[in-house]
Amino acid sequence: MNSYYDLLGVPPNATELEIRSAYGRDVLRLQETTSDKVAQFRAALDGAFATLVDPVKRSAYDEALAVSRKEDAADSADESDAAFGYALRGGLWFAGGGLLTAVTYAFSQGSYLIAWGPLLFGGFQLVRGLLRYLTVPSGARRAGQLGMLGGLIAVGILSAGFVGVSEGIGAQEAAQGAKWNAMINESILDVEQANDLVIGVANRPGPWDATDSSDMAKASALYARIADAVDRVTAPADLEWYRTGMVKNFREAAAITHDFSLLTPASPASAVASLDSRWNAYVEEANRLSDRFDAQRGKSP
């Protein structure tokens, strides 16, 4: 028990009647059982009763109790400050390590390993300090201290979380980029074959014939296959515009070459001229896509 008042179950301002009543109640309860522990408790009750019913002894006891509680409060405050200081140092290491990790990651292209040491060391010391700090009586803990520790924890967690989320996004983007590049590499041969077929028809002398129509049909199938391949793959976020443009561009090429394949030797010159005009517009759009890509990435795929 903390005091005689606690032992008897009465408040510090209890009257003599209340003290006698509480003492008599407890004595009656103790009479139901006999043991060494009961005897010790009865002796403690007798001592508390004798002190609290005597005004002189009670006054002296109250003074001594007040001094003792003041000393306990001072000791608790000292322990609280010591525990807070320990936790604060850990929190500063933790938050500093987290910030250093995030800053170096953001400005050094992912080079952040140097900051994991302070982050882990600070986290370990912070946890130890918090466990020690939380054992201090709640009355000795100050809201400002708890707020400061909470802020440092938040800074460290948010900073480390930024790196973790960025790493996850980076890994996802790298996987998308790998699939995108693989698709580009696989489609190069189809692009070259389709272009060679179109150039071959354009450079072939003589009137339009079945061979020209057949080659254009083959080119149309190749362009359509390329458009489907590009449409199935997710491009990196900054190249989504390019992927969309490529799909539209190759589908247009497939449509134009398909219409070319339908020509016959009897087709009017105006039909050929119209298709030539559409093809030139397609080539210009393809060049604009390539120029925009060059401006963004510095090279064409």
Equivalent ellipsoid dimensions for region 1-53 as semi-axes, Å, which come from the Cα gyration tensor, largest first:
19, 12, 8
In terms of the charge dipole of the chain, which places +1 on Lys and Arg and -1 on Asp and Glu at the beta carbon, the residue among L152, A253, A83 farthest towards the positive end is A83
Helix-only mean residue ellipticity at 222 nm for the chain, each DSSP H run of n ≥ 4 adding -39500 (n - 2.57), per residue, nearest 500:
-29000 deg cm²/dmol
Which cross-chain or sequence-distant (5 or more) residues have an amide H under 5 Å from the amide H of V53, H modelled 1.01 Å from N in plane?
none
Which Cα, out of A95, L263, A210, lies furthest along the positive dipole direction of the chain (beta carbon charges, K/R +1, D/E -1)?
A95
Measuring from its Cα centre, region 1-53 shows a charge dipole (+1 at each Lys and Arg Cβ, -1 at each Asp and Glu Cβ) which, in debye to the nearest 20, is 80 debye
From the Cα gyration tensor of region 204-297, with a ≥ b ≥ c the square roots of its eigenvalues, which class applies: rounded if a/c is under 1.5, or else prolate if a/b is larger than b/c, or else oblate?
prolate
Order by neighbour count: V103, V56, fewest other Cβ atoms within 10 Å first, most last.
V56, V103
Please state the charge dipole magnitude for the chain, taken about the Cα centre, from unit charges on C-beta atoms (+1 on K and R, -1 on D and E), reported in debye and rounded to the nearest 20.
560 debye
Once the in-chain neighbours fewer than 8 apart are removed, the lysines whose Cα is under 20 Å from K218 read K248
Base-10 log of normalised Debye intensity for the chain (one unit scatterer per alpha-carbon) at q = 0.09, 0.15 Å⁻¹
-0.74, -1.10
Check: C-alpha center region 241-301 vs C-alpha center region 178-193, spacing in Å is 18 Å
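All of the numbers you see were taken from the coordinates with simple rules; none came from a lab. Only a predicted model underlies this, so the values are computations on that prediction, with no experimental measurement involved. For neighbour counting, all protein chains shown are included, and Cβ atoms are generated from backbone atoms with ideal geometry for every residue, glycine included.
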